[in-house]
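**Q** Take this structure first; my questions come after.
The values are calculated or read from the model by the stated rules, or taken from the named source; none is laboratory data. Quick caveat, the model's predicted, so the values are computed rather than measured. A quick note on method: Cβ atoms are made from the backbone with ideal geometry, for glycine too, and the neighbour counts reach across all protein chains shown.
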């Protein structure tokens, strides 16, 4: 986490191995099957850096590179280079490097235990179980555990830590807002817009409102699992809110919807599909900028954008998030009081249950490195008080629906904070059919 941000890359790790003998092997034919179209140049540059380091230590002969003319594999030529290298430095220069035919053993012959697995035959513990134990030892109590604590001071402490965990920018760049197109359908005004979340990053969105000029409307930011275009396609859901006098705004945060990069015409398979999101997340973590933080920033800049519009009532901006996007909605609301209320639908209730689950659906881009050492999602909900926060069909780590009684137990600390500092009904846990979202959203806004 954050290795590139502090100037540590793969070459630096290999330099720590100096002056011990080191052989690098690769193939220039790797370009189409592995990490980068710059793979060959990057590998040669890395080798040059290592040679410089070994030279300073008077051991330049102890680092070499082997370039195989064969495609990506630990091929016969590469294996022979490895045999020669080990023989040289293990003082066995005359040893045979010719490979003999492979003598395959029957299945089970080489097993050291009855099943071949320590976990099943000797009663060991899995990596997941060890990680769960470690998490339970590291995770502190809720920052709201002390009932005498001032909720306001706890909230500000959580905000400061959350901003650091998400690695949010220190300054806001020019929004450069633009209207790309506008339409009128019946009594519905529809606008296709964009703004700059950061200096070179455009965030697209839709704004729908009653077709009445010269008025300001309370506005709902909808972060939808199906992307921003869902508010324009699924007008039945949108129109219900517009008919109540609300504007509806929906955006595609970076890496989702239309902001997802187009896949290259050639290159490794993991340049696209499900692998792209995970590779993007790993790269972002190495840079010290988690993807979820980038997306939360897009949402906060959306609030900035809405406050500049003449048709938005800036003091009445609400936010609703679906599934994983509910995490961005919750974190944005925890950081910004301008978001007057929150509605989360099918969103994970906490990160701890993800760690303690052998299987889970939450994808890597939504992980926040180190968050459980400080607080968890129920604490973010508690920090919203006295603002309204409704949770609809909250999900467990596997996407499984949770009962209202379970949620009341999970959010016990949050319930206490809301009871002392908010009106009745400010926090609610609802288990309803998904088709009831429009009705529930209306009640949430009017609540």
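**Q** Which residues, taken from segment 370-390, are outside any helix (DSSP H, G or I) and surrounded by 16 or more Cβ atoms within 10 Å (Cβ to Cβ)?
**A** The initial filter retains those residues of segment 370-390 that are outside any helix (DSSP H, G or I), namely 370, 374-376, 384-390.
Once the filter is applied, which keeps residues that are outside any helix (DSSP H, G or I) and surrounded by 16 or more Cβ atoms within 10 Å (Cβ to Cβ), segment 370-390 yields 374, 375, 376, 384, 385, 387, 388, 389, 390.
**Q** Among what's in segment 306-337 and is in a helix (DSSP H, G or I) and out of contact with any helix residue (DSSP H, G or I) (no Cβ under 9 Å at 6 or more places or on another chain), pick the residue that is surrounded by the fewest Cβ atoms within 10 Å (Cβ to Cβ). I'd like the intermediate steps shown before the answer.
**A** Of all residues in segment 306-337, those in a helix (DSSP H, G or I) come to 306-307, 325-335.
When the remaining residues are screened for being out of contact with any helix residue (DSSP H, G or I) (no Cβ under 9 Å at 6 or more places or on another chain), the result is 306-307, 326.
On the way: 306: 22, 307: 14, 326: 27.
In this case the residue turns out to be 307.
**Q** OK, next. Within segment 33-81, count every residue that is touching a residue at least 24 places away in the same chain (Cβ under 8 Å), surrounded by 15 or more Cβ atoms within 10 Å (Cβ to Cβ) and either over 30 Å from residue 283 (Cα atoms) or outside the structural domain of residue 23 (by TED's automatic domain parsing) (or both).
**A** 3
**Q** So residue 423 ticks every box in (1) in a loop (DSSP other than H, G, I, E, B); (2) closer than 25 Å to residue 152 by Cβ; (3) in contact with a helix residue (DSSP H, G or I) (Cβ under 6 Å, 6 or more places away or on another chain) but one. Which box is left unticked?
**A** Checking residue 423 against (1) in a loop (DSSP other than H, G, I, E, B); (2) closer than 25 Å to residue 152 by Cβ; (3) in contact with a helix residue (DSSP H, G or I) (Cβ under 6 Å, 6 or more places away or on another chain), the one that fails is (3).
**Q** Taking helices (runs of 4 or more DSSP H) that do not extend beyond segment 139-253, which have at least 3 residues that are at pLDDT below 90? Outline the logic, then answer.
**A** On the way: elements: 151-166, 230-233, 235-243.
In segment 139-253, 230-233, 235-243 are the helices (runs of 4 or more DSSP H) which contain 3 or more residues that are at pLDDT below 90.
**Q** Among the residues of segment 340-366, count how many are in a strand (DSSP E or B) and surrounded by fewer than 21 Cβ atoms within 10 Å (Cβ to Cβ).
**A** Initially, segment 340-366 is screened for residues in a strand (DSSP E or B), giving 340-345, 348.
Now drop any that are not surrounded by fewer than 21 Cβ atoms within 10 Å (Cβ to Cβ), which leaves 340-341.
Number of matching residues: 2.
**Q** Which residues, taken from segment 129-143, are surrounded by 13 or more Cβ atoms within 10 Å (Cβ to Cβ) and either over 15 Å from residue 352 (Cβ atoms) or out of contact with any helix residue (DSSP H, G or I) (no Cβ under 7 Å at 6 or more places or on another chain) (or both)?
**A** 129
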